[in-house]
1. Search the range 271-282 for residues being touching a helix residue (DSSP H, G or I) at 6+ places or on another chain (Cβ under 6 Å) and open to solvent by less than 30 Å² (accessible area, probe 1.4 Å), and hand back the single one that is farthest from P211 (Cα to Cα).
2. State whether the residues of the range 191-210 include one that is closer than 30 Å to R340 by Cα, open to solvent by less than 20 Å² (accessible area, probe 1.4 Å) and away from the ligand (no atom under 16 Å from the Cβ).
3. Would you pick out the residues in the range 153-172 that are more than 23 Å from G94 (Cβ to Cβ) and touching a strand residue (DSSP E or B) at 6+ places or on another chain (Cβ under 9 Å)?
4. Please go through (1) touching a residue at least 60 places away in the same chain (Cβ under 8 Å); (2) within 15 Å of the ligand (Cβ to nearest atom) for F272 and return the number of the only condition it doesn't satisfy.
5. What is the number of the single condition among (1) in a loop (DSSP other than H, G, I, E, B); (2) surrounded by fewer than 24 Cβ atoms within 10 Å (Cβ to Cβ) that G155 does not meet?
6. Which members of the range 134-152 meet the condition of being away from the ligand (no atom under 13 Å from the Cβ) and open to solvent by 10 Å² or more (accessible area, probe 1.4 Å)?
7. Between R324, R264, R312, which is away from the ligand (no atom under 13 Å from the Cβ) and either crowded, with 24+ Cβ neighbours inside 10 Å or not hydroxyl-bearing (S, T, Y) (or both)?
8. Looking only at the range 283-292, which residues are touching a Phe, Trp or Tyr at 6+ places or on another chain (Cβ under 6 Å) and either open to solvent by less than 10 Å² (accessible area, probe 1.4 Å) or of a type in the set (K, R) (or both)?
Amino acid sequence: MTLPNDHVEVVSKVITIERHIIEQERATGGATGDFSGLLRDLTLAIKIIYREVSRAGLVDILGSTDLRNIQGEIVQKLDEFANGVIFRAMDHGGHLAVMASEENDEFIPIPEEYPKGKYVLCFDPLDGSSNIDANVSIGTIFSVLRRVTPAETDGTLEDILQPGYKQVAAGYAIYGSSTMLVYTAGHGVYGFTYDPSVGEFLLSHNDIHIPDHKGIYSVNEGNYSKWSPAMQQYIDWVKQEQPEADKKAYSLRYIGSMVADVHRTLLYGGVFLYPADIKSKRGKLRLLYEANPMSFIIEQAGGKATDGRGNRLLDIVPTELHQRTPLVVGSPKNVDEVERFLTTTK
Ligand code: P6P
């Protein structure tokens, strides 16, 4: 099977994500089965979300509710469904102390009747949901932290507001032409393709490494007039042919669904950007359940992630649950190009 680039190994063995997670946990020592149990429950939730997303065109689940989430965005019915599926799959397993979701204004406590675990789950149940009706790839993004408050007690906001380098795992499901689950537990990045005939995610992309550089940039150029002069100069530069510097114009690829744009960047290389602008001074993407998990994955694949101001994205200490952040993420040499403009150009 030929893959889009020669840096992702073709996988011949049949390895389910459940088996891979257990092997990863064994390899990291101190395996209690707790961590693999958490990811197993989450994988089940993603399979259920897949089933509804793949049927969305067939049942009257399209269109939006008249509800709005904390972001003020109209909540699509599938958003609500996905949010509920993850909550009900994760609340009783005893792996979590607390959860946080893009769709919930406040953090989500574990119900009184269930045991509290040592992990924290932050998630965006259905990212890119505004694209649902157009059948564009959308996704579920998740981030796993270890709790910092005493065991057996109710988890708190303190357990959630941790910098991204504290993550123990992160991943996303992309519901597209095929549905994939990509995750890292801090020992490389692995991609699993869903085979509906057996109901399993099978290892298809072993130990993914992002290319060092690629002539692709991914950004919403409609925001050009709102960007800083430095950002505008970077965008002007990527489009220039500079034969004397052996530089060709880069290609623009922008889907408007973060999971799809980051997934392409991971596999093909290049850079995905959502910078701050005069309207959104902290950018649009959320730190805890969009930027942090994607940055952890990209770094684990050999890439870089910054806030466009010279700061490593994973070093940002969160202060609010739904905090937004500017994001520059992708191939290391592409991110360095962006940073050169954003940190030196006035
Ligand atoms: P814009 C989707 O609503 C989302 O949160 C991300 O998935 C995506 O990258 C971004 O917003 C797109 O934003 O302003 O370009 O439409």
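1. Quick first cut of the range 271-282, residues touching a helix residue (DSSP H, G or I) at 6+ places or on another chain (Cβ under 6 Å) only: 271-272, 275, 277-279.
Retained after the next criterion (residues that are open to solvent by less than 30 Å² (accessible area, probe 1.4 Å)): 271-272, 275, 277.
Values: V271: 11, F272: 14, P275: 22, D277: 28 Å.
Result: D277.
2. In the first step, residues of the range 191-210 are kept if they are closer than 30 Å to R340 by Cα; the result is 207-210.
From the residues that got through so far, the ones that are open to solvent by less than 20 Å² (accessible area, probe 1.4 Å) too are 208, 210.
Filter once more, keeping what is away from the ligand (no atom under 16 Å from the Cβ): 208, 210.
Yes: the range 191-210 contains one or more residues that are closer than 30 Å to R340 by Cα, open to solvent by less than 20 Å² (accessible area, probe 1.4 Å) and away from the ligand (no atom under 16 Å from the Cβ).
3. Those that are more than 23 Å from G94 (Cβ to Cβ) and touching a strand residue (DSSP E or B) at 6+ places or on another chain (Cβ under 9 Å): G164, Y165, Y172.
4. Status for F272: all satisfied but (1).
5. (2)
6. Initial filter on the range 134-152 (away from the ligand (no atom under 13 Å from the Cβ)): 135, 142-152.
Within the range 134-152, N135, R146, R147, V148, T149, P150, A151, E152 meet the criteria.
7. Details: R324 fails: away from the ligand (no atom under 13 Å from the Cβ); R264 fails: away from the ligand (no atom under 13 Å from the Cβ).
After applying the criteria, what remains is R312.
8. Step one: of the range 283-292, the residues touching a Phe, Trp or Tyr at 6+ places or on another chain (Cβ under 6 Å) are 283-285, 289.
Result: G283, K284, Y289.
The values are calculated or read from the model by the stated rules, or taken from the named source; none is laboratory data. Every value quoted in this text rests on a predicted model; they were computed, and no experiment measured them. All Cβ positions, glycine included, derive from the backbone under ideal geometry; neighbour counts span all protein chains shown. To get the accessible areas, we keep the full protein, side chains included, count just its heavy atoms, and leave off ligands, DNA and RNA. Shrake-Rupley method; radii C 1.70, N 1.55, O 1.52, S 1.80 Å.
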